[in-house]
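Structure first, commentary second.
Only the coordinates and a few stated rules stand behind these numbers; no lab work does. Since this is a predicted model, take the numbers as computed values, not measurements. Here the Cβ positions follow ideal geometry from the backbone for every residue, glycine too, while neighbour counts run over all protein chains shown.
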Amino acid sequence: MSTLDGTRMTVTFSTGPTGIGTSAARAHRPPTEHAEQPVRPIPGLYWHPVKEPEPLLYQELDRRIKAWAIEEIDLFPPEWEEQFDSFGTGRYICLTYPEAAGLEHLEAAARLLVAENAVDDCYCEDHGGSPHGLGARLLMAHSALERPYAVAPYEQQWQEKLDSEPPCRAYRSAMQTFDRLAADQVRDREIHDLARLHLGYLAEAAWSIDGVVPPLPEYLTVRQYNSFRPCLTIVDAVAGYAFPADLHDHPKMQQVIALASLATTLVNDLYSYTKELRSTLPHVNLPTVIQHHEQLSAEESYYKAIEIHNDVMHRFEAESAACAAELPGPLTERFLHQIATWLDGNHWWHATNTDRYTLPGFLPAE
């Protein structure tokens, strides 16, 4: 299959693991000749500072989430433990949900994040994943969130299959934990947003199978779906309240959430750029898609990607203000504030995670 401009590419997959939660986007890019710099806030990127969380808090959260992953659901083998630790789940969750109602609420969010990463890595990416057969694997994973009903013995057979799959066990356990803290409407919202995530995975798998670099509008659409939206959409539940469905589902609010989802994922594209260039697994991200279709240099493409991210962020903030004016009230203001806070924490985690990220050498030195 060809792209809209008629170009074709070949995609292969690596079997080398890089760790739970280390996967990003998905196809081909040219090698870089630039050196790498230590990670820090990307020069020219639009962002807001955040307060660092209390180390004792995120260390306790790390202890709990690791005990859950290893002892309760047997999520990964011992050789992946160091990679799991280096992700920094506890700090990530504390940065993005600073107004959490308590440690149990933070742990529920952390379990969902770990489960999402496990599905991505094990079914789509480095730990045995492949674009081939992905639909069936994601169907199985999604059924761990929404129980399938059939006649005996078929339902029992399905449940046994779920029990045998570590990512499915993670999804099921994480959602059960979340259920105890969240209203039914928020649970259904989260399942819907995880379906959006799975749709993005499937689109990227199709690019890989067809051997194409997607055109920019298609790529940006997928990055709105394959995004951090399942984490964003539960900020109210983690804070201990339920944002009313009529407000959450309003078109203006949905626009704000969609823009936030895209912005957070473009942050990941920019900070993952050099890591993906080093990888034996081919990837696409916003700079490489720009470079492919607009025939720019690597440096020019990266700077244009920064501009696109900044435009999305500015639009997010403008639409947030318009949404607050159209849906006035303290709950709207609180929810919008927490969405913005999540974006800021997500950026800071990327900008300070020295175990995972570096920056391209063509950026100005610190």
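General remarks:
- Residue that is farthest from Ala115 (Cα to Cα), among those in the stretch 146-177 that are of a type in the set (Phe, Trp, Tyr) and in a helix (DSSP H, G or I): Tyr154
- Search result, residues across the stretch 80-103 that are surrounded by 15 or more Cβ atoms within 10 Å (Cβ to Cβ), part of a helix (DSSP H, G or I) and either touching a residue at least 24 places away in the same chain (Cβ under 8 Å) or of a type in the set (Ser, Thr, Tyr) (or both): Trp80, Gln83, Phe84, Ser86, Thr89, Gly90, Arg91, Tyr92, Ile93, Cys94, Leu95, Thr96
- Among the conditions (1) small (Gly, Ala, Ser); (2) surrounded by fewer than 22 Cβ atoms within 10 Å (Cβ to Cβ); (3) part of a loop (DSSP other than H, G, I, E, B), Ala258 misses just one, which is (3).
- Only one of the numbered conditions (1) assigned to a loop (DSSP other than H, G, I, E, B); (2) within 15 Å of the chain's Cα centre (by Cα); (3) not charged (D, E, K, R) is violated by Thr264, and that is (1).
- Residue that is surrounded by the most Cβ atoms within 10 Å (Cβ to Cβ) [pool: residues in the stretch 224-253 that are small (Gly, Ala, Ser) and outside any helix (DSSP H, G or I)]: Ser227
- For the residues Arg189, Arg229, Arg196, the requirement of being among the charged types (D, E, K, R), touching a residue at least 12 places away in the same chain (Cβ under 8 Å) and in contact with a Leu (Cβ under 9 Å, 6 or more places away or on another chain) singles out Arg229.
- Annotation: of all residues in the stretch 267-319 being free of Cβ contacts under 8 Å to residues at least 60 places away in the same chain and not in a helix (DSSP H, G or I), the one that is nearest to Asp355 (Cα to Cα) is Ser297.
- Residues that are part of a helix (DSSP H, G or I), of a type outside the set (Ser, Thr, Tyr) and surrounded by 22 or more Cβ atoms within 10 Å (Cβ to Cβ), drawn from the stretch 206-223: Trp207, Val222, Arg223
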